[in-house]
1. Between residue 76 and residue 196, what FRET efficiency comes out of the Förster formula 1/(1 + (r/R0)^6) with R0 = 45 Å and r the beta carbon distance, rounded to 0.05?
2. Distance between the C-alpha centers of the range 145-205 and the range 24-48? Whole Å please.
3. What does the helix-only formula give at 222 nm for the chain: each DSSP H stretch with n ≥ 4 adding -39500 (n - 2.57), the total divided by the residues, and the result rounded to the nearest 500 deg cm²/dmol?
4. What number in nm² do you get for the range 1-118 if you take the convex hull of its Cα atoms and divide its surface by four?
5. Running a GNM on the chain with Cα contacts under 10 Å, which residue among 105, 197, 134 ends up with the highest mean-square fluctuation?
6. Cα-based count: Lys pairs in the range 1-108 below 23 Å, eight or more positions apart or different chains?
7. Which option, [x] 1.18; [y] 1.02; [z] 1.06, is the value of Cα Rg over 2.2 N^0.38 Å that was calculated from these coordinates?
8. To make sure I understand the rule: partners must be lysines, Cα under 29 Å from the Cα of residue 111, and not fewer than 8 residues away in the same chain. Which ones qualify?
Amino acid sequence: MNNPLIQSIQKRRSQYALGPTLPISEKETTALIEAAVRLTPSSFNSQSSRAVILYGDESREFWGLVESALRKIVPAEAFAPTKAKIDSFAAGAGTVLFYEDQDVVQGLQEKFALYADNFPIWSEQASGMAQFAVWTALANADIGASLQHYNPLADAEAAARWDIPTSWKLRAQMPFGSNEKSFGEKAFMDDAQRFKVFGKLDARERAAA
């Protein structure tokens, strides 16, 4: 399909073989991530998504916190694969920590009581869109990334280390860096099991389409 947005989305893949170099500067990478989050839509224009961007040693320190937390719950004899996975994330150039500001969510719940039950759900949707936007933007800059969910293992330690506001709730982590391996073919389920389309354009609409 010759559509720039779809072509951009096709480039977004999970990269687990990350390297420490970036094809653009850290300043440009930061601006890219910030723009992607800033432009992400949110219900009631809540803008509840937050991001903490860690580079180099700061990123490795975060994954060290995660590793320490995992050592407490994963049996020592089974820890080698877990450590290898954490090491692969730490090998990248940086990590984006995605948060949702619960003060914003609670404020909307109080202001719009009729929709109170939905605001936490909409917050999660906004976070997911922000993660997807950042991931796609990075992919288009030839920066590899994957999406991880190790919260809440090291949430408290990360909050203390990087002075995270208490109202920010960690939702996901995105290690990123150079693509050290190519991507294989991606499999998709059959469209007939996934989509239903109803209605038909009339002749004039078909001609204009």
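1. 0.35
2. Rounded to whole Å, the Cα centres lie 15 Å apart.
3. After summing the helix terms and dividing by the residues of the chain, the value is -14000 deg cm²/dmol.
4. One quarter of the hull surface, i.e. the mean projection, equals 11.2 nm².
5. Fluctuation is largest for 197.
6. Numbers: 11/27; 11/85; 72/83; 72/85.
For the range 1-108, qualifying lysine pairs total 4.
7. Recomputing Cα Rg over 2.2 N^0.38 Å here gives the entry labelled [x].
8. Straight-line reach from residue 111, under 29 Å: 169.
The values are calculated or read from the model by the stated rules, or taken from the named source; none is laboratory data. None of these values were measured; they are calculated from a predicted model. Here the Cβ is made from the backbone with ideal geometry for all residues, glycine too, and neighbour counts use every protein chain on show. What goes into the accessible areas is simple: the full protein's heavy atoms, side chains included, and nothing from ligands, DNA or RNA. Shrake-Rupley method; radii C 1.70, N 1.55, O 1.52, S 1.80 Å.
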